[in-house]
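Take a look at the structure set out below.
Read-outs throughout are calculated quantities, based only on the coordinates presented, and are distinct from any laboratory measurement. Since we're looking at a predicted model, the values are computed, not measured. A quick note on method: Cβ atoms are made from the backbone with ideal geometry, for glycine too, and the neighbour counts reach across all protein chains shown.
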Amino acid sequence: MSGYLEGVLVLLAVNVVFAYGGFLPLAAGQLNLGLAGFAAIGAYASAYLSNVFKLPPLVAIVFAGIVAGVVALIVAVPVLRTRGIYLALATFALGQIVQAIILNLEVVGGAAGYPVAAFIRLPAIAATATVVVALVWLLFATRFGIAVTAVHDDETVADLMGIDVRAFQVAAFALGSAIAGVGGGLYAHHFSFIEAQYFNISLSITIVLYVLLGGTQTVIGPLLGAAVFTLLPEVLRASANWRYVAFAAALIVLMALRPEGLVTGAQLRRLLGLARAQPRHAAVAAALPKEPSG
Amino acid sequence: MSATDPILRLESVSKHFGGLRVVEDLNLAVRRGVRTALIGPNGAGKTTVFNLITGVFPVDAGRILLDGVDITAAPSHLRIGHGIARSFQNIRLMPHLSTLENVMVGQHCRNRGVRGVLQPVNLVPRNRWREAARAALVDAGLIEYERSTVGNLPYGVQKRIELVRALMAQPRLLLLDEPAAGLNPAETEALQAQLEKICSGGLTVLVVEHDMHFVGALCEDVIVLDFGRKIAEGSPEDIRRNPLVQEIYLGAPVAQPMERHSARSA
């Protein structure tokens, strides 16, 4: 396999993991613009664990995910008190704080960046990404998926139906942050060098765009969004300097045509041939008395 | 008199929004196993009473007792676990869930805790909660919409799905906020049949409704609110003859006797 192809596929796998980190809070109706911060926590924690404690990379990455998740749990209490645009701003600030702390943390290299000794290749990264996707898919096939969607759709009614809205929001936020941490760990151990500047707001926004474009309603959406987002710029490489213009234009067209994302729940049910729904007019027509003929 | 002991009691309940006294020193009791209607002009505070009972808003004064237990301070998401389920004046189904999943939302209060939440309802086709929800849809004659996106369904069907969802909580007390509003006569009839079936099991129902025919056919007790105060209570016949109620709510003295729908006698 060429180095270029492996590089693209690694990036694809890492981006897919990031996308699920963004998907969980978005599925519960929360915009987390601090994902890059949690990815950074995961990247640095895993690098530190494998550099200093000589943990195997994959073990270090799992621990790093837990660290990111625990940090998210702690900050969720004040941050998730805000909502809407304020939540977006609070999480954005959170990402900035993490970045600033790392820049001043000499033990992991500060502004000079942090080299990572251990190295993992595509198979391990792809396998980890597959496990993450499978776990999220399994989780959303339980009552958790229904409850989170209910919280997303109507907080008041979800609450009156006995769903602890806040608990599910915190859980989605923390799980998503843990997944972003795993993505950061994968990134660190393949590219062998991490610096705080990489985990900036544009990474957070890119992750959120994967999910919004792929669709927040189905577990397949983020996968598709991350794939399109990672591969499209590569395909457009032929157009050299214009590729980002073409890419941005393609995004705007996509958003205009499919405002709820590439894949929606209703569409998926239709595609799988599961929907027995009649269109409204047909259902009404069937209930009407037949007109006498002739 | 255990048969007539109240399942729900509001004691001197008040709720003000700013200077607006929406509910004022309200005392009411809902008898166990009885269908009670809450009626009154627009703005009388009927939906607010529902919102106070279910905990959407805290009360400013007074107590709410369910089966003698004070639930005034209980958090709203725990009240359904006490046995209070409700429907909404404007349909409040989850637009991104299928009909079956919406119905399964109603089971949530019986599945709290990690194990309940991790029930693989959409993974195992024969999951017992999924089967129970399907059975409820079959009972209600709605199984054909099982996998439909709820937003595309006719209004009357959505109202009935909401009712099935509330029943999945296995409530002791069911609050219905204008169940017949916006329905055509055929849909009203279907809803009424569904309600008769539910009530025959002895469930206590408190219903806000404007359709007096519907109230007369379904309910045994009527409570009349006006400006947040109770102005009358009694059987539908008593209420119809009450001059005060006629004046402020029913309008002109009513000439025709209230029809009793045949389903009632069944």
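For A:I74, B:I248, which order do you get if you count the other beta carbons within 10 Å of each Cβ and list the fewest first? Write down the numbers at each step before the final one.
Working: A:I74 11, B:I248 16.
Fewest-to-most Cβ neighbours within 10 Å comes out as A:I74, B:I248.
What FRET efficiency comes out for B:N184 versus A:W137 if R0 is 35 angstrom and r is the Cβ-Cβ distance? Round to the nearest 0.05. Please list the in-between numbers first.
On the way: r = 42 Å, r/R0 = 1.20.
That pair, B:N184 with A:W137, gives E of 0.25.
How do the peptides A:63-71, A:195-203, B:142-150 rank, highest first, by the average count of neighbouring beta carbon atoms within 10 Å per residue?
Numbers: A:63-71: 23.6, A:195-203: 17.9, B:142-150: 20.1.
With the highest mean Cβ count within 10 Å placed first, the list reads A:63-71, B:142-150, A:195-203.
Helix A:122-140 versus the longest principal axis of chain A: what angle, 0 to 90°, nearest 10, using Cα atoms?
Approximately 40 degrees, to the nearest ten.
Name the longest site-free stretch of chain A, where the excluded sites are trypsin sites (Lys or Arg not before Pro) in a DSSP loop with no more than 15 other beta-carbon atoms within 10 Å. Show your work: numbers first, answer last.
Working: sites that count: A:K54, A:R81, A:R83, A:R121, A:R276, A:K290.
The longest uninterrupted stretch comes out as A:122-275.
Listed highest first by mean packing, meaning other Cβ atoms within 10 Å per residue, what order do A:103-110, B:173-180, B:221-228, A:42-49 come in?
A:42-49, B:173-180, B:221-228, A:103-110
What per residue convex hull volume, in Å³, do the alpha-carbon atoms of chain A yield?
Working: hull volume 52.6 nm³, N = 294.
Value for chain A: 179 Å³ per residue.
Can you give the net charge of the other residues whose Cβ lies under 15 Å from the Cβ of A:V263, counting K and R as +1 and D and E as -1?
Numbers: positive: A:R258, A:R269, A:R270; negative: A:E260.
So the surrounding residues net to +2.
Compute the angle between helix A:85-103 and the longest alpha-carbon principal axis of chain A, please, reported from 0 to 90 degrees and rounded to the nearest 10.
20
Just to verify a number: FRET efficiency for A:I66 and A:A250, C-beta to C-beta distance, R0 = 35 Å, to 0.05? Each step should come with its number before you reach the end.
On the way: r = 37 Å, r/R0 = 1.07.
So the FRET efficiency works out to roughly 0.40.
How large is Rg/Rh for segment A:1-94, to two decimals, with Cα atoms and a Kirkwood Rh?
Details: Rg = 15.3 Å, Rh = 14.6 Å.
In segment A:1-94, Rg relative to Rh is 1.05.
Return the distance in nm (one decimal) between the two label points of a simple spin-label model at A:S202 and A:A127, each offset 7 Å from Cα along Cα→Cβ.
Result: 3.5 nm between the two label points.
For B:K230, go through the lysines and keep the ones whose alpha-carbon is under 20 Å away, minus same-chain ones fewer than eight residues off.
Within reach: B:K15, B:K46.
Quick one: angle between helix A:35-52 and the longest Cα principal axis of chain A, in degrees between 0 and 90, rounded to 10, please.
40
Spelling out what I want: for every residue of segment A:183-188, take phi, set θ = phi - 60°, compute 6.51 cos²θ - 1.76 cosθ + 1.60 (Karplus), and round to whole Hz; glycine and proline get x.
Whole-Hz 3J(HN,Hα) from phi for segment A:183-188: x, x, x, 4, 4, 4.
Can you tell me the FRET efficiency between B:A73 and A:I74 if r is taken as the Cβ-Cβ distance and R0 is 25 Å, rounded to the nearest 0.05?
Values: r = 28 Å, r/R0 = 1.13.
E between B:A73 and A:I74, to the nearest 0.05, is 0.30.
All other residues with a Cβ under 14 Å from the Cβ of B:S14 taken together, and with Lys, Arg as +1 and Asp, Glu as -1, what is their net charge? Don't skip to the end; give the middle numbers.
On the way: positive: B:K15, B:R21, B:R63, B:R229, B:K230; negative: B:E11, B:E24, B:D25, B:D60.
Net charge around B:S14: +1.
Looking at the protein assembly as shown only, what percent of DSSP beta bridges run antiparallel? Nearest 5 please. Write out the running numbers ahead of the final one.
Values: 23 of 39 bridges.
The answer is about 60 percent antiparallel.
What order do you get for A:4-10, A:22-28 when each peptide is scored by the mean count of other beta carbon atoms within 10 Å, highest first? Walk me through the numbers before you get to the answer.
Details: A:4-10: 14.7, A:22-28: 28.6.
Highest to lowest by the protection proxy: A:22-28, A:4-10.
Just to check, using Stokes-Einstein with a Kirkwood Rh over alpha carbon pairs, what's the diffusion coefficient of the protein assembly as shown at 10 °C and 1.306 mPa s in µm²/s? Show your work: numbers first, answer last.
Values: Rh = 26.4 Å.
The estimated diffusion coefficient comes to 60 µm²/s.
Between A:A227 and A:E6, what is 0.36 nm times their sequence separation minus the Cα-Cα distance? Round to one decimal in nm.
Values: separation 221, 0.36 × 221 = 79.56 nm, distance 1.46 nm.
Contour length minus the Cα-Cα distance gives 78.1 nm.
Between B:R32, B:R134, B:R110, which gets the highest mean-square fluctuation from a Gaussian network model of chain B, Cα cutoff 10 Å?
With Cα springs under 10 Å in chain B, the top fluctuation among B:R32, B:R134, B:R110 is at B:R110.
Taking other Cβ within 10 Å of each residue's Cβ, how do A:H190, B:H16, B:H82 sort, fewest first? Provide the component values of the computation, followed by the final result.
Numbers: A:H190 21, B:H16 13, B:H82 17.
Lowest to highest Cβ neighbour count: B:H16, B:H82, A:H190.
Based only on the alpha carbon positions, what is the Kirkwood hydrodynamic radius of chain B, in angstrom?
Values: mean 1/r = 0.0517 Å⁻¹.
So the Kirkwood estimate lands at 19.3 Å.
At a 10 Å Cβ-Cβ cut-off, how would you order B:M94, B:M212, fewest neighbours first? List each step's numbers first, then the result.
Details: B:M94 22, B:M212 19.
The fewest-first ordering by Cβ neighbours comes to B:M212, B:M94.
So for segment B:92-170, considering every pair of alpha-carbon atoms, how many percent are separated by more than 20 Å? Walk me through the intermediate numbers first.
Values: 755 of 3081 pairs.
Of the Cα pairs, 25 percent sit more than 20 Å apart.
From a point 7 Å beyond the Cα of B:H16 in the direction of its Cβ, which residues of segment B:22-53 have a backbone N at a distance under 13 Å?
Backbone N within reach: B:22-25.
At 0.36 nm per residue, and after removing the present C-alpha to C-alpha distance, how many nm does the segment from B:N42 to B:L244 gain when stretched out fully? All intermediate terms of the calculation are to be shown ahead of the outcome.
Details: separation 202, 0.36 × 202 = 72.72 nm, distance 1.62 nm.
Residue separation times 0.36 nm, minus the Cα-Cα distance, leaves 71.1 nm.
Calculate the dipole size of segment A:3-287 relative to its Cα centre from +1 charges on Lys and Arg beta carbons and -1 charges on Asp and Glu beta carbons; express the result in debye to the nearest 20.
About 500 debye.
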